[in-house]
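First up is the structure itself, then whatever we jot down about it.
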Amino acid sequence: MAQGGPSPLRREGLTGYEMSFSGWEPKKLWLQRPDGSFEECSYTDGFASRLDGRALVAQDLDGDGDQELLMLNRAKPRLQLFVNEGEGGRAMELRLKALQGDAEASTATVRVRTAAGTRAFPVLLTRGYVSAVDPSVHVGMGTEEQAEVEVTWRPGVTESFGTLQAGRRWALTEGGAKDSTPFTPRAPRVSAPKLPLSVEQVGGVKDGRPTAVQIFASWCKPCRAEVPILSKLAQEGRWQVRGLAAHAPEQVQAEAAKLAISYLVAALPAEVADPLSPGGQLALPTVLLYDAQGRLVRIVRGGEVLEAVLAELSASGAPAGAQGAPGVATPGAPLK
């Protein structure tokens with residue numbers, strides 16, 4: 001099991017090229033909700049790598065209609081592939097061929113209209129920092145089965161391609177020609193470690209209260225900052241609070257005493273640590289929040305973030321454990 005906290009490269013005494021320029025910062029990934037708002041989901045979806053990424057490509061590499069992420073890092077491992085195994089909605093992919101100017105239609109804009117509204121997608125050859133991308137346009141469709149598509153090839157030249165079906169890869173040629181092939185069904189993959197979605201998986205019990213589970217190590221300073229917050233939460237009695245230590249079982253009590261932890265603690269099981277360790281690095285501090293039914297609803301990282309979540313609950317007037325507590329509905333139901 002990998003240790004978490006500051007860059008392991010720093011702890012091992014490496015310098016220069018291997019060191020992090022960016023403070024060992026996790027990546028961010030945003031999921032658009034049906035109402036048009038966004039939620040940050042990199043940690044729950046396994047993209048919170050703390051390596052120094054220098055280029056990122058989003059591409060359907062296995063042809064199943066879902067985009068994977070391929071990241072080039074500054075140091076080892078130089079490449080990281082994040083395979084999209086989620087149960088996503090429908091999608092279509094559009095590849096354009098212009099008959100005038102650039103054949104890849106790099107100046108074109110695609111407009112896709114569904115019952116949810118109209119979205120515009122520019123055709124891009126590059127994206128972000130030193131990232132060349134395939135010029136195809138990937139359109140997430142949610143539950144929609146079809147969409148009306150039009151292409152503006154260049155200023156003053158716009159063409160409609162009518163209604164196109166989701167679940168297909170479309171080739172659109174200036175002048176109206178179009179052809180398509182279906183996405184390839186997803187091949188079975190080796191099961192990846194699963195997040196501890198139930199409070200029983202982290203040693204908790206369902207007693208009608210929400211549960212906070214701190215994953216900590218004695219050398220982790222932000223973990224130390226969380227202890228007073230969680231101790232107060234435990235003393236108030238409205239939450240269960242537990243700690244899981246990233247130490248050997250025989251060291252757990254002694255290491256917890258160094259942080260003055262008063263709530264129940266146990267050793268962090270590998271089956272809990274592994275799915276919380278994107279890129280093989282356990283990120284600390286981490287607090288898992290479970291609702292009163294014992295379901296994982298939020299993964300909180302950082303003492304300041306934890307305190308802000310609890311402050312938001314207090315400011316809303318809803319006591320911890322009350323139905324509909326705002327601001328903590330990730331990835332499932334609200335904390336209740």
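The values are calculated or read from the model by the stated rules, or taken from the named source; none is laboratory data. Computed from a predicted structure; not experimentally measured. Protein only, heavy atoms only, side chains kept; ligands, DNA and RNA dropped before computing areas. Shrake-Rupley method; radii C 1.70, N 1.55, O 1.52, S 1.80 Å.
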log10 I(q)/I(0) for the range 98-164, Debye formula on C-alpha points only (no solvent), q = 0.15, 0.17 Å⁻¹, two decimals, reads -0.53, -0.66
Tell me which residues come under 5 Å, amide H to amide H, from L244 once H is placed; ignore anything under 5 positions away on its chain.
Q214, I215, F216, A266
Counting only protein heavy atoms and using a 1.4 Å probe, what share of the accessible area of the range 43-167 belongs to carbon plus sulfur, as a whole percent?
51 percent
So how much slack lies between Q165 and R127, counting 0.36 nm per residue of separation and subtracting their Cα-Cα distance, in nm?
11.0 nm
With a cut-off of 8 Å between alpha carbons and a minimum separation of six or more residues, what is the relative contact order of the range 120-275 in percent?
14 percent
For D274 and K194, calculate 0.36 nm times their separation in residues minus their Cα-Cα distance, and state this gained length in nm to one decimal.
28.0 nm
Taking K232 as the anchor, which lysines have their alpha carbon closer than 28 Å to its alpha carbon, excluding any fewer than eight residues away along the same chain?
K206, K221, K258, K336
For the range 230-308, rounded, prolate or oblate, judged on the Cα gyration tensor with a ≥ b ≥ c (square roots of eigenvalues), a/c < 1.5 rounded, else prolate if a/b > b/c?
oblate
Would you mind working out the accessible area per residue for the range 189-249, using a 1.4 Å probe, and quoting it in Å²?
47 Å²
Per residue of the range 213-225, in order, report the coupling 6.51 cos²θ - 1.76 cosθ + 1.60 (Karplus, θ = phi - 60°) as ³J(HN,Hα) in whole Hz, putting x for Gly and Pro.
10, 8, 9, 9, 9, 5, 7, 8, 5, x, 5, 4, 5
Classified through the alpha carbon gyration tensor (a ≥ b ≥ c as square roots of its eigenvalues; rounded if a/c is under 1.5, else prolate when a/b is larger than b/c, else oblate), the range 139-249 comes out prolate
Using amide H atoms built 1.01 Å from N in the peptide plane, name the residues 5+ places from E159, or on other chains, whose amide H lies under 5 Å from its own.
V151, T152, W153
